[in-house]
Structure formats: C-alpha cells, structure tokens
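The values are calculated or read from the model by the stated rules, or taken from the named source; none is laboratory data. These numbers come from a predicted model, not from an experiment. Here the Cβ is made from the backbone with ideal geometry for all residues, glycine too, and neighbour counts use every protein chain on show. For accessibility, only protein heavy atoms count, side chains too; no ligands or nucleic acids. Shrake-Rupley method; radii C 1.70, N 1.55, O 1.52, S 1.80 Å.
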Amino acid sequence: MSSPSMEQLEQLLAAAPARVAAAAAIEEIDALDSELLGKNSTLAQVQKSIGTLDAVDKPRVGQAVQAARATLSSLLEGRRSQLEMEEASRSLDTVDVTLEKYEIRRGALHLIQQTIDEVCDIFIGLGYSVAEGPEAELGWYNFDALNTPVTHPSRAESDTLFLEAGKPEDELLLRTQTSPMQARWMELHEPPVYVVVPGKVYRADTIDASHLPVFHQVEGLAVDSHITFSDLKGTLAHFAREFFGPQERVRLRPHFFPFTEPSAELDVSCFVCDGHDNSCRVCGGAGWLEMAGCGMVDPNVFEAVGYDPGTVTGFAFGMGVERMAMVRHGINNIRHFIDNDLRFLGQFG
Ligand code: DAH
C-alpha cells in the first residue's frame, strides 16, 4: 500500500508527459521546472517526509523519489531543447544565409598621394616648408612672372586650358605647372626661402599611356644668399638616393626653361639595371631615367617678385609625380592612376 503523498507523486508523474509536451515556450518549461522539481514541489515535499517514515518504507520511497526526479528532469530537458531548436530555426528563417557577407574594407591613400607625401617628407628632412597654391591661376603667375613672354608656345590655347571667367586681361587659366607658386611664395616671404609645392596641373593633352590632361607635380624652390649650381645638384642627388635607393647617381643634361638660367633636366641612374641591360623594362636600355626640370632661378623672376638679384641666388626644380611613381614601381601605363581599379590600387595599400 502506498502512502498518500506517494499517490500524489504518481498522479503528477502520470500527468507530466502531456503537460510538458503542451509547453509552447522556454518560459513555460522554466515554470514547469520549478513547479515539478522546485523547493515547494510535491516531489520536494515527499522527499522531505522520508525522514519521518518507517525504516521499511524509507528506501522504497527514496528510490521512487529519485526515479521521479530523473523522469521529470529528462522530460523537461527534452522539451526544452526541442523548443530551443525551433526558436533557432525560426530566427534563421529571417536571415538570408546566401547573402554576401558585408565587409568594410580598410582603405589606403592613393599611390599618387603616397608618392607626394614621401617626396615632401624627404624635403621636410632638409628643412623645407610645404605649401599649396591655386589651381585656377592668373596668366601673370603661370607665365609673366616666370619670364615666359606672351609669344611662348606654352601660352597657346593648344597647350593651356584657359577659363572663361574673370577679366580677359587676367588670363585666368588652369595652371600648367606648379611653378607659379614660386612667384606667389616669394611675393609673401622674405629670403631665405626653402619650399616645396605639391599639386595638380592641367594641360590640353589627350590621354595616352604616358599623358594625362590632369597630373601632379612637386615644385621646389631654394633662395638664399650663396646658393650655387652644386647645391642644386647635391640636393637632387640626395633626393634621388632617398627616393630610389642609396646607390643611385644623377646627371644634369642642359635644357631650356624660361624661368631658370642655366636650366637642366635631371636624370637618375636606372635603379633596375644601372645601364647594364639593353632591354631593361624600366629605362629601355638608356641607363638613365628622366626625373625633373631644374635650374638656377632667372634674375628676371627675382625682379618680378621684388627680390634683389644682386643679393640672392636660388635654384628651382619641378618633378612629375606620376612619372616618379611609374618609374619606381614599374608601372607601364599612366592610365592606371585614374582607372580606379582596386586590383591595381590595392597593391599599394
Ligand atoms: N615647370 C616645368 C614643367 O612643368 C618644370 C620645371 C623646370 C620646374 C625647371 C622648375 C624648373 O622649377 O626650374 O615642365
């Protein structure tokens, strides 16, 4: 014969499977868990009563309580994991797992900007300032102040993009070079002057493998009381070794620019073959790479900006940024810089 509390426990066990199965949410399982197994449950009460039972009944009731606890626990756990799985698959239904993962890719400076930064850093190391000037420029700064007469071919509309704005006599144009900042800077600063000017320049050119109508230059200007041509050569040699490698040599080839006298073009020895490979992919066998125009500032330029050519001398140079990046990285087509193809740009991140 079973004790009354055992009867209660048996009823509870009999009803449990249906009640647990009917639970439709995890919270209902939690509630059933504390009702059937918690401190105030019938099971707990029966367990508590064991101490008051006869020695004969104790083991039997004890075992029944243990078995009931195991049965109820496994019923509850079974339904709980079922409900958890249902919930998980419900939330999966709302996520399209076939969608492409959305990733924010880390960007990088464009190779042109990286090159400009590197060039400027080298000159900052020599004590130069960095300045920028206007891209829409007056004919005076782009040409006249730079000793370039109205008859000079570069002033023709076939070479220069003139703007239909401002007074016609101002000849507002898109600067064809960064050199006008030489004049602007000297107008505003007393010598000594040591400045580099990076920026965009514009020319009426058709795009091909080595020309863009918009490209970049870095201008340099040094004016002081005893600047000589050797200072120019030494400065550019230092720059070339920093930028291309410690073994590079430079040479200056006579050239003409209106605003420097004498003028030269700067070549750097080919950092790939050093002149030993007739079919070198970088220099084409020449052994030298053309890098910049340069020269000693023409006295007429000093006069145009109000400097006394009797007391100061100086040198200037202008280099093409695209060209330097192409030479340095073996890039064979200038169009890569404007195509914005991430397969190209990503190589310089
Ligand atoms: N502005 C010239 C050009 O675009 C380059 C240049 C040559 C700059 C000689 C200079 C210089 O400062 O001295 O072709």
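Here are the numbers:
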quantity: GNM flexibility winner over the chain from Glu171, Glu35, Glu100 (Cα, springs under 10 Å); calculated: Glu35
quantity: Environment charge of Ala67, counting only residues whose C-beta is closer than 14 Å and scoring Lys/Arg +1, Asp/Glu -1; calculated: +1
quantity: Positive-end residue of Leu13, Ser49, Ser74, charge dipole of the chain with Cβ unit charges; calculated: Ser49
quantity: Principal axis dimensions, region 115-228 - Cα atoms, whole angstrom, descending; calculated: 39, 34, 25
quantity: Rg over Rh, two decimals, region 191-260 (C-alpha only, Kirkwood Rh); calculated: 1.02
quantity: Reduced Cα scattering model of region 1-149, Debye log10 I(q)/I(0), q = 0.12 Å⁻¹; calculated: -0.75
quantity: Of Thr313, Thr98, Thr206, the one that fluctuates the most in a GNM where the chain has Cα springs shorter than 10 Å; calculated: Thr98
quantity: Reciprocal of mean inverse Cα separation for the chain (Kirkwood radius, Å); calculated: 27.0 Å
quantity: Inter-site label distance for Gln11 and Lys48 at 7 Å from Cα along Cβ, in nm; calculated: 1.9 nm
quantity: The chain: most fluctuating residue of Glu219, Glu248, Glu103 per GNM, C-alpha cutoff 10 Å; calculated: Glu103
quantity: Cβ-isolated cysteines (cut-off 4.7 Å), the chain; calculated: Cys120, Cys294
quantity: Where His255, His110 fall by accessible area, highest first, once all protein chains stay in place (1.4 Å); calculated: His255, His110
quantity: Estimated Rh, region 92-175: Kirkwood, alpha-carbon pairs, angstrom; calculated: 17.7 Å
quantity: Probe 1.4 Å, protein heavy atoms only - accessible area per residue of the chain in square angstrom; calculated: 55 Å²
quantity: Cross-link partners of Lys48 among lysines (Cα-Cα below 26 Å; sequence separation of 8 or more within a chain); calculated: Lys39, Lys58
quantity: Candidates per trypsin sites (Lys or Arg not before Pro) in region 50-130, loop by DSSP, up to 12 other Cβ within 10 Å; calculated: Lys101, Arg105, Arg106
quantity: Cα-based equivalent ellipsoid of region 169-321: semi-axis lengths in Å, sorted from largest, via gyration tensor; calculated: 29, 21, 12
quantity: For region 266-329, Kirkwood radius (reciprocal of mean inverse C-alpha pair distance, Å); calculated: 13.9 Å
quantity: FRET E, pair Ser210, Asp308, Förster distance 35 Å, beta-carbon r, rounded to 0.05; calculated: 0.30
quantity: Proximal aspartates and glutamates relative to Lys233, as straight alpha-carbon distance under 12 Å, when same-chain residues fewer than 8 apart are discounted; calculated: Glu265, Asp267
quantity: Estimated distance in nm for a label pair at Phe256 and Ala136, the labels positioned 7 Å out from Cα along Cα-to-Cβ; calculated: 3.4 nm
quantity: Amide hydrogen neighbours beyond the local backbone of Gly287, cut-off 5 Å, H modeled; calculated: Gly275
quantity: 13 Å Cα-Cα reach of Lys101 towards aspartates and glutamates, excluding residues that sit fewer than 8 places from it in its own chain; calculated: none
